[in-house]
Amino acid sequence: MNIQVVKVNNDEKEILQNLLGLYCYEWSQYNKLDVNQVGSYKFALLDCWTEENHYPFFIKVDDKLAGFVLVDKDFAVRKDYDFAMSEFFVMYKYRTAGVGTYAAKTIFDMFHGKWEIMCHPKNITSMYFWNKIIDEYTNGKFELIKSCQEVVYQDGTSADFFFFET
């Protein structure tokens with residue numbers, strides 16, 4: 001299996017938008033958002049990915065789209081940090097095969113500095129994934145803040161945060 005993390009080009013915006021729709025559908029079980037009037041999820045911040053300090057990547061397996069990673073500098077809590085994992089998505093077919101692990105570690109290797117990752121605590125799979133990956137990557141040198149009152153999801157749940165340095 002050949003896993004790649006490749007930068008999204010400006011002419012691939014529609015492809016990223018399609019993947020974001022799948023991501024938003026999956027996320028709707030946590031944030032309780034509805035589809036729009038035409039029956040789709042539109043990721044409102046998509047245009048920002050062409051701006052400075054926003055880094056979109058596709059995850060590919062054997063040259064097939066398997067997900068995406070969106071890194072930025074839009075921090076929810078620690079404004080003095082270097083990078084935030086805005087969105088991270090691996091399609092079901094590729095989960096538990098090491099694709100997410102490879103992609104996350106590749107991104108951490110690409111962007112050295114202090115990281116902030118926000119998680120919805122009801123997304124138990126995501127919480128497990130990030131805890132495991134960050135623990136391995138940092139040799140246990142990270143901070144986890146549960147139920148951060150400063151950031152609340154649309155469903156009223158307080159966010160959990162991982163803070164660490166690469």
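Excluding V90 itself, calculate the net charge of residues whose Cβ lies under 12 Å from the Cβ of V90, where each Lys or Arg counts +1 and each Asp or Glu counts -1.
Summing Lys and Arg as +1 and Asp and Glu as -1 gives +1.
Considering the chain as a Gaussian network with a 10 Å cut-off on Cα pairs, which listed residue, Y128, Y30, Y55, attains the greatest mean-square fluctuation?
Ranking Y128, Y30, Y55 by mean-square fluctuation puts Y128 first.
Quick one: net charge around T106, please, counting Lys, Arg +1 and Asp, Glu -1 for every other residue with C-beta under 13 Å from its C-beta.
+2
Pairs to check: K60/K146; K93/K114; K79/K122; K32/K64; K13/K64. Give those whose C-alpha atoms are more than 28 Å from each other in this structure.
From K60/K146; K93/K114; K79/K122; K32/K64; K13/K64, over 28 Å: K60/K146; K93/K114; K32/K64.
In debye, nearest 20: dipole of the chain around its Cα centre with unit charges on the Cβ of K, R (+) and D, E (-)?
Dipole about the Cα centre, nearest 20: 460 debye.
Rounded to the nearest angstrom and ordered from largest down, what semi-axes does the equivalent ellipsoid of the chain get from its C-alpha gyration tensor (root of 5λ)?
So the equivalent ellipsoid measures 22, 20, 16 Å along its semi-axes.
Rule-based calculations on the coordinates, nothing more; no lab input. Since the structure is predicted, the reported quantities are computational estimates derived from the model, not experimental observations. Note: ideal-geometry Cβ built from the backbone for every residue, glycine included; neighbour counts use all protein chains shown.
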